[in-house]
Amino acid sequence: MDTPTIDSAAAAPPAPAGREGQDFIRAIVAEDLRAGKYDTIVTRFPPEPNGFLHIGHAKSIFLNYGIARETGGRFNLRFDDTNPETEDASYVQSIVDTVRWLGADFGDRIFHAADYFEQMYRFAEFLVMRGLAYVDSSTDEEIREARGTVTEPGRPTRYRDRGVEENLDLFRRMRAGEFPDGAHVLRARIDLASSNMLLRDPLLYRIRHAHHYRTGDAWCIYPLYDYAHPIEDAIEGITHSLCTLEFDNNRAVYDWTVDHWQDFVRSEGGTPARPHQHEFARGELEYTITSKRKSLELVKGGYVSGWDDPRMPTLAGLRRRGVTPEALRSFWERMGVAKFNSRADVAKLEFAIRDDLNTRAPRVLCVLRPLKVTITNYPEGRTEELDAPYWPHDIPNEGSRLLPFSRTVYIDRDDFMESPPRGFHRLSPGAEVRLRYAYVVRCDEVVRDASGEVAELRCSYDPATRGGGTPDGRQVKGTIHWVSAEHAVPCEVRLYDRLFTVPDPEARAGDFKDYLNPESLVVVPGALVEPGVRDDPAGSRYQFERVGYFCSDPVDSRPDALVFNRTVTLRDTWAKAASAAAAPRAERAPKAERAPRERAASAGGARPAGAMEVVRSPELEAKRERFVSELGLSPADADVLTRDDELAGVLEATAALGASPRAVAGWMVNVVLLEVKERGITHIAFTPAELRELIGLVEDGTISAASGKAVLAEMTRGGGAPLEIVERRGLRQVSDAGALAPAVDEVLAANAAKAEEYRAGKTGLIGFFVGQVMRRTGGSANPEVVRGLLEERLGA
């Protein structure tokens, strides 16, 4: 017997319990395990290798792999390669690479439907001999007409009553290649009167004299999907065959095929597996398409540069654009698993991308449309280096870089206006502005070219304002970015936007291509970026301050010709524009009608994020005082956390488990409240024990504080065990000095001149060196250990 259930390689490592029942599919799996229906859960992702995977496939991959991992089961990657005319080995390799990039670990469990062709053929002969299948020589049109309609039953064609011997002879001759394409098909004999038209004698095999990328010319008959797919599942021992909703009616054919497959396996002395199909809503996204046929139309028509064009909904395109697997996973987890189809709001995807890159992408300076600025009172020939952090103060990642500053700099042309409107806090004649990390400058003169366009600004700087301060206390409201003219690196910037101008281009009248967004790609060829990014590897991610999140193009970018792709803007400009256009202007209530409110901030400091002014009852006031006197909270934190019974309860319960109340309050105010405010969350999904565990992971150095914020944000939205989230997102911090030493040595070797400057007394460079190591390790290094290694090697 050579049709056994495949015993796939070792099971995936089990994840901590706690997610079963999170959605209806997981609830089914959990109940099957509880009832003892299966010992091991086996899932699969079964793409057809006829194109690149798109964002909707990521939802299926995360679901199938996630269930296998959570239950300690197995996850297979299997190619449904039964259509030789559209499939190609290059698509196979692309899919393998993409699934691995998403983090779905299938080990060596890569399977192909083509490898089961012999078993499928023998099973087809079994059906013929049992009178359950027959060769039909009708034309496609005749078969279509004979199937009937939704109100009329089907009728038999003149070939349905062929005898078993004649059918078997014809089928074997079909395999032998005696007949041309379309001469015959093999059909199942099921029920021509069924209300489910898919059961009206579906096609099982058709003749195709086509070369198969895997089996060559060994076959000229190929099984159809509805026949092949359940057999593949059964051979591999799949327990839960997860399909999208359009396969709901196909489940009847699936079950018919599996039932008779079991009889076939038993007839040959084997023990058959019994997979079950379950359907869920597919992953669709606004302002894009996921149809492979239409995607191919865009590629072949030259509307995009290829399958990996960053505007495409393909995972290859999203990867090239700079989107991470973690952002995609977070997005689909937010969307959930439903039983009805809908199109996901693309703004939610963009939010997930920003949320992920916020703590992942270091900040750098890039000027898209340069305008020359000469600082007339700055010494000619002088260059100084300014220490600039890679991260803002609210993201506790360490590290900085040195920005060169000189007499001539470039600012963005949009940051200057000769006749600015009220509220314009950037540069204009006679006005002052702060250059980020540098000095305050004043515009003294505007220089024009021969056409009358502004070509240069001549400014003066205040030497006492290095780093942005104003010792005399004067107000300078604007801060803009810049690059040194002498040191800046030229680059091309590609501003990618939504591919279509309407949410559902396939639902509109006319051709879907009529709704392509002409502004989906704007190329900016003359941009300038700070010099520190020149030698970073292709695919490096950054936040260009005040501009957006970008990724160096992994295909076109080179050290001598940098190219950056915009991953996402800093905010949702589409929603803002749509809201402004569609929503009526809200009228402010007269002051006399507003309820009196009490100032929330107290002597403890500024009001925390998310705080509001409220009228406090005596009970609320007493609770606040108790949180200050007994728990040691600052008055401001106590003020915020006592307004909500759930927040207060989580704080007290977590503190009762041994966590510092002040530490808990910090996490609640700076992470949980922000999540509640931004997403409108009405119920916190994590437990006090999970919060205590997370705080412990940060305190013992397992993860950094920045990673802790990302984990807690996810826990607030959907719960989950902290360590499981850490492992799934790859956030574990590296604190082993031996493992970090090579990266430290590489940074010091690459910056030997600066190392000598440090030893000569310029100790402020330590932040620069820490930042370089953090970037080299992808932010996973423990900055304290890195600092210690650096100081040791630098002789501090």
> Is it true that Thr682 is hydroxyl-bearing (Ser, Thr, Tyr), assigned to a loop (DSSP other than H, G, I, E, B) and either surrounded by fewer than 22 Cβ atoms within 10 Å (Cβ to Cβ) or modelled with pLDDT under 85 (or both)?
Replying inline: yes
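In the range 118-160, what residues are charged (D, E, K, R) and open to solvent by less than 10 Å² (accessible area, probe 1.4 Å)? Spell out the reasoning first.
Our first condition is that a residue be charged (D, E, K, R); within the range 118-160, this holds for 118, 122, 125, 130, 136, 140-142, 144-145, 147, 152, 155, 158, 160.
Residue satisfying the conditions is Asp136 alone.
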> So, in the range 709-726, of the ones that are farther than 14 Å from Gly696 by Cα and of a type in the set (A, V, I, L, M, F, W, C), which residue ends up surrounded by the fewest Cβ atoms within 10 Å (Cβ to Cβ)?
Replying inline: Ala713
>> Can you tell me which condition Phe62 does not meet? The list is (1) part of a helix (DSSP H, G or I); (2) open to solvent by 40 Å² or more (accessible area, probe 1.4 Å), and all the others hold.
In response: (2)
> Among the listed residues Phe52, Phe75, which satisfies the condition of being buried (at least 20 other Cβ atoms within 10 Å of the Cβ), outside any helix (DSSP H, G or I), within 18 Å of the chain's Cα centre (by Cα) and not basic (Lys, Arg)?
Replying inline: Phe52
>> Against the condition in a loop (DSSP other than H, G, I, E, B), crowded, with 20+ Cβ neighbours inside 10 Å and either on the phi < 0 side of the Ramachandran plot or not polar (S, T, N, Q) (or both), how does Val323 come out, does it pass?
In response: yes
> Checking His240 against (1) surrounded by fewer than 21 Cβ atoms within 10 Å (Cβ to Cβ); (2) under 32 Å from the mean Cα position of the chain (by Cα), which test does it fail?
Replying inline: (1)
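Let's see how each residue does on (1) in contact with a Gly (Cβ under 7 Å, 6 or more places away or on another chain); (2) basic (Lys, Arg); (3) at pLDDT 85 or above; (4) over 24 Å from Met715 (Cβ atoms):
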{"residue": "Ala601", "(1), (2), (3), (4)": "no, no, no, yes"}
{"residue": "Gly605", "(1), (2), (3), (4)": "no, no, no, yes"}
{"residue": "Ala622", "(1), (2), (3), (4)": "no, no, no, yes"}
{"residue": "Gly649", "(1), (2), (3), (4)": "no, no, no, no"}
{"residue": "Phe686", "(1), (2), (3), (4)": "yes, no, yes, no"}
{"residue": "Leu691", "(1), (2), (3), (4)": "no, no, yes, no"}
>> Take Ile695 and tell me if it is of a type in the set (A, V, I, L, M), over 21 Å from the mean Cα position of the chain (by Cα) and modelled with pLDDT of 85 or more.
In response: yes
> Just one of Asp108, Asp81, Asp115 is open to solvent by less than 10 Å² (accessible area, probe 1.4 Å), among the acidic types (Asp, Glu) and under 29 Å from Tyr38 (Cβ atoms); which is it?
Replying inline: Asp81
> Give me the pairs: first residue in the range 363-383 and on the phi > 0 side of the Ramachandran plot and surrounded by fewer than 17 Cβ atoms within 10 Å (Cβ to Cβ), second residue at pLDDT 95 or above and charged (D, E, K, R), beta-carbon distance under 9 Å, and six or more apart or on different chains, which are they?
Replying inline: Gly381/Arg407
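How many residues are of a type in the set (Gly, Ala, Ser), over 30 Å from Thr314 (Cβ atoms) and assigned to a helix (DSSP H, G or I) if we restrict to the range 242-295?
Start the filter on the range 242-295 by keeping residues that are of a type in the set (Gly, Ala, Ser), which leaves 252, 267, 269-270, 273, 281, 283, 291, 295.
Those still in the list that are over 30 Å from Thr314 (Cβ atoms) too: 252, 267, 269-270, 273.
Restricting the remaining residues to those that are assigned to a helix (DSSP H, G or I) gives 252, 267.
Result for the range 242-295: 2.
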>> Condition check: on the phi > 0 side of the Ramachandran plot and open to solvent by less than 40 Å² (accessible area, probe 1.4 Å). Does Gly649 satisfy that?
In response: no
>> Just the residues that are hydrophobic (A, V, I, L, M, F, W, C) and open to solvent by less than 10 Å² (accessible area, probe 1.4 Å), please, taken from the range 396-429.
In response: Leu403, Phe405, Val409, Ile411, Leu427
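Considering only the range 468-477, I want to know if a residue exists there that is assigned to a strand (DSSP E or B) and among the hydrophobic types (A, V, I, L, M, F, W, C). Please lay out each step first, then the result.
Of the residues in the range 468-477, the ones assigned to a strand (DSSP E or B) are none.
For the range 468-477, residues assigned to a strand (DSSP E or B) and among the hydrophobic types (A, V, I, L, M, F, W, C): absent.
Residues in the range 478-504 that are in a loop (DSSP other than H, G, I, E, B) and either under 31 Å from the mean Cα position of the chain (by Cα) or of a type in the set (Lys, Arg) (or both): how many?
Looking only at the range 478-504, we keep the residues that are in a loop (DSSP other than H, G, I, E, B), and these are 478, 481, 485-488, 497-499, 501-504.
Keeping just the survivors that are either under 31 Å from the mean Cα position of the chain (by Cα) or of a type in the set (Lys, Arg) (or both) gives 481, 497-499, 501-504.
Total meeting the criteria: 8.
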>> Residues that are touching a Lys or Arg at 6+ places or on another chain (Cβ under 6 Å), part of a loop (DSSP other than H, G, I, E, B) and open to solvent by 30 Å² or more (accessible area, probe 1.4 Å): does the range 296-315 have at least one?
In response: yes
> Of (1) of a type outside the set (Gly, Ala, Ser); (2) under 22 Å from Arg360 (Cβ atoms); (3) in contact (Cβ under 8 Å) with a residue 24 or more places away in the chain, Val669 satisfies all except one. Which?
Replying inline: (2)
> Condition test on Arg334, is it surrounded by fewer than 21 Cβ atoms within 10 Å (Cβ to Cβ), within 22 Å of Ser60 (Cβ to Cβ) and either aliphatic (A, V, I, L, M) or within 12 Å of the chain's Cα centre (by Cα) (or both)?
Replying inline: yes
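Is it the case, given these coordinates, that Ala706 is in contact (Cβ under 8 Å) with a residue 12 or more places away in the chain, within 26 Å of the chain's Cα centre (by Cα) and closer than 30 Å to Asp23 by Cβ?
Numbers: in contact (Cβ under 8 Å) with a residue 12 or more places away in the chain: yes; within 26 Å of the chain's Cα centre (by Cα): yes; closer than 30 Å to Asp23 by Cβ: yes.
Against the criterion (in contact (Cβ under 8 Å) with a residue 12 or more places away in the chain, within 26 Å of the chain's Cα centre (by Cα) and closer than 30 Å to Asp23 by Cβ), Ala706 qualifies.
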>> For the range 430-467, which positions are in a strand (DSSP E or B) and open to solvent by 70 Å² or more (accessible area, probe 1.4 Å)?
In response: Arg442, Asp444, Glu445, Arg448, Arg458
> Does Ala575 qualify as being at pLDDT below 95 and open to solvent by 10 Å² or more (accessible area, probe 1.4 Å)?
Replying inline: yes
> Does the range 501-523 include one or more residues that are at pLDDT 95 or above and under 30 Å from Thr374 (Cβ atoms)?
Replying inline: yes
> Would a scan of the range 164-187 turn up a residue that is under 49 Å from the mean Cα position of the chain (by Cα), open to solvent by 70 Å² or more (accessible area, probe 1.4 Å), acidic (Asp, Glu) and modelled with pLDDT of 95 or more?
Replying inline: yes
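Hey, among the residues in the range 745-795 that are hydroxyl-bearing (Ser, Thr, Tyr) and out of contact with any strand residue (DSSP E or B) (no Cβ under 9 Å at 6 or more places or on another chain), which one's surrounded by the most Cβ atoms within 10 Å (Cβ to Cβ)? Before you say what the answer is, go through the steps one by one.
So the first thing to find is which residues in the range 745-795 are hydroxyl-bearing (Ser, Thr, Tyr), and the list is 758, 763, 777, 780.
In the following step, the residues that additionally are out of contact with any strand residue (DSSP E or B) (no Cβ under 9 Å at 6 or more places or on another chain) were identified as 758, 763.
Values: Tyr758: 22, Thr763: 13.
Per the criteria, the residue is Tyr758.
I'd like to check something: does the range 232-247 contain any residue that is farther than 20 Å from Arg78 by Cβ and of a type in the set (Val, Ile, Thr)? Show your work before the answer.
Initially, the range 232-247 is screened for residues farther than 20 Å from Arg78 by Cβ, giving 245.
Now narrow it down to the ones that are of a type in the set (Val, Ile, Thr): none.
No, the range 232-247 has no match at all.
If you check Val711 against the conditions, is it of a type in the set (Val, Ile, Thr), part of a helix (DSSP H, G or I) and more than 17 Å from Thr359 (Cβ to Cβ)?
Values: of a type in the set (Val, Ile, Thr): yes; part of a helix (DSSP H, G or I): yes; more than 17 Å from Thr359 (Cβ to Cβ): no.
In short, no.
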> Of the residues Pro503, Pro525, Pro531, which is on the phi < 0 side of the Ramachandran plot, of a type outside the set (D, E, K, R) and loosely packed, with under 14 Cβ neighbours inside 10 Å?
Replying inline: Pro525
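Restricting the search to the range 507-522, which residues are in a helix (DSSP H, G or I), of a type outside the set (A, V, I, L, M, F, W, C) and surrounded by 15 or more Cβ atoms within 10 Å (Cβ to Cβ)? Step through it out loud before you land on a result.
Applying the first criterion (in a helix (DSSP H, G or I)) to the range 507-522 yields 507, 512-515.
Next, from what is left, pick out any that are of a type outside the set (A, V, I, L, M, F, W, C): 513-515.
Answer for the range 507-522, where residues must be in a helix (DSSP H, G or I), of a type outside the set (A, V, I, L, M, F, W, C) and surrounded by 15 or more Cβ atoms within 10 Å (Cβ to Cβ): just Tyr515.
The values are calculated or read from the model by the stated rules, or taken from the named source; none is laboratory data. None of the values given here were measured: they were computed from a predicted structure. Note that we place each Cβ from the backbone using ideal geometry, even for glycine, and neighbour counts take in every protein chain shown. Accessible surface areas use protein heavy atoms only, side chains included; no ligands, DNA or RNA. Shrake-Rupley method; radii C 1.70, N 1.55, O 1.52, S 1.80 Å.
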